[in-house]
Amino acid sequence: MSAFSYLDIFAFIFFLLAISGYSWLTQYSPLSQSNISKNVQDERVAWMNAMIERENRMVDMLILTNLSHGNAFFASTAIVIAGAFATVLGSASNLGTDNQFNTVLENIPFSTPTEPYVFNAKLLFIMIIFLTAFFKFAWAFRLTHYASIMIGATPVKTEENIEMCKAHASRVANLSGLAGYHSNGGLHTYYYGIAACGWFFNPLIFMLATTLIIAILYRREYKSKGHAILSHKTK
């Protein structure tokens, strides 16, 4: 029995090309100007322009605090998931021979025979995915704190400093947008981790799960009701 079959290799390459292609589509292609992330960034700009008009900015700080709590939750959850896979990693060697190992796998529906070190390689791959999600959410968490500091540093608007306040609001909007960018990337990585779990069963399910996840992400970012509302296409 070979380590990785040609279908395994093809499925892995398919996964990398799919997520890379979707990332390019949403970040660098013309479609990047019409997705839900771009619509939300426009709302952030409007939010910060409204923020400089009020002296009491507690509501703005509360909003950012809630956003940072979400990033902290997903970051800690990613570490827990990665830790769970780390616990399983290497345990395949304790199951005895390859035949005994595959006897255990036979109890998993749709699974194909594999070798313990191949199974561990798949575990390590998914661990890396969720560790990547952790770093994205952790950085988004820090950027949200930096945006809070910038809101606190926003001067009270007067006739003499209107342009300075507008420039400051633009910087805060861009910084909070960067936090949103990394938070969104972390969520995408969660989705990719779910798709990668299909590899434990067989490569075909892996590719099917990857295609389904990309389709779900595309629909939510371009065809969802939320996108329609944020892009002012519906009330």
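For the range 121-149, filtering for residues that are surrounded by fewer than 18 Cβ atoms within 10 Å (Cβ to Cβ) and more than 17 Å from LEU89 (Cβ to Cβ) leaves 5. Among the residues of this structure, ALA173 counts as one that is under 30 Å from SER76 (Cα atoms), more than 19 Å from the chain's Cα centre (by Cα) and of a type outside the set (Lys, Arg). Set side by side, the residues ALA169, ALA179 differ, and just one is more than 30 Å from ILE128 (Cβ to Cβ) and buried (at least 21 other Cβ atoms within 10 Å of the Cβ), which is ALA169.
Filter the range 136-162 down to residues that are in a helix (DSSP H, G or I) and among the polar types (S, T, N, Q) and give me whichever is nearest to HIS188 (Cα to Cα). The extreme case among them is THR144. Scanning the range 26-77 for residues that are in a loop (DSSP other than H, G, I, E, B), closer than 22 Å to ALA169 by Cβ and either in contact (Cβ under 8 Å) with a residue 40 or more places away in the chain or within 20 Å of the chain's Cα centre (by Cα) (or both) gives ILE52, GLU53, GLU55, ARG57.
Read-outs: derived from the displayed coordinates by stated rules, not from any lab. Fair warning: this is a prediction, and the values are worked out from it, not measured in the lab. Glycine gets a Cβ as well: all are built from the backbone with ideal geometry, and neighbour counts include every protein chain shown.
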